[in-house]
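Beneath this line is the structure, given in structure tokens, with notes to follow.
Bear in mind that the values in this text are calculations on the coordinates, not laboratory data. From a predicted model like this one, the values you see are computed outputs, not experimental measurements. Don't worry about glycine lacking a Cβ; one is built from the backbone with ideal geometry, like all the others, and counts go over all protein chains shown.
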Amino acid sequence: MTYAEEAAIDFLNQRDAMRKFIRFVFRNTVDTKYFTEDEAVRMRDIWWKTDRDCKSNFTQTRPLFKNRTITEFAKSHKDFGARFEKLTGDYYYYHYSSAEKLNWTLKAE
């Protein structure tokens, strides 16, 4: 397999892991009634916009997303930062094989 093919497959795996991660956060916040469905949709939209702004770099996306979401929900959900960090830890614990793919970045050869 060529480097380009490997990079493409790794990128697709990272995108799939990212989709699973944000779905996990979305479902957890709705199932626990932390967010209403509409609020969770707004949170998910913030995630994907932040992901685009950070060029699919999970390491950069996480803190910026957390800050943007805290700002968006400052009046109604003051503890979102702690909740998000807990959910991230839970995702890494329960879904490690998927979570380890989140930190992928393209490396020039």
Between their Cα atoms, which of LYS20/LYS101; LYS20/LYS66; LYS20/LYS86; LYS78/LYS101; LYS20/LYS49; LYS20/LYS78 are more than 21 Å away from each other? LYS78/LYS101; LYS20/LYS78
For the chain, with the dipole built from +1 on Lys and Arg beta-carbon atoms and -1 on Asp and Glu ones, taken about the Cα centre, which of THR36, ALA4, TRP48 lies farthest toward the positive end? THR36
At q = 0.17, 0.20, 0.22, 0.25 Å⁻¹, the log10 of I(q)/I(0) for segment 3-99 from a Debye sum over equal Cα scatterers comes to -0.75, -1.01, -1.20, -1.50
Per DSSP H run of at least 4 residues, take -39500 (n - 2.57); add these up for the chain, divide by its residues and hand me the 222 nm value, nearest 500 deg cm²/dmol. -24500 deg cm²/dmol
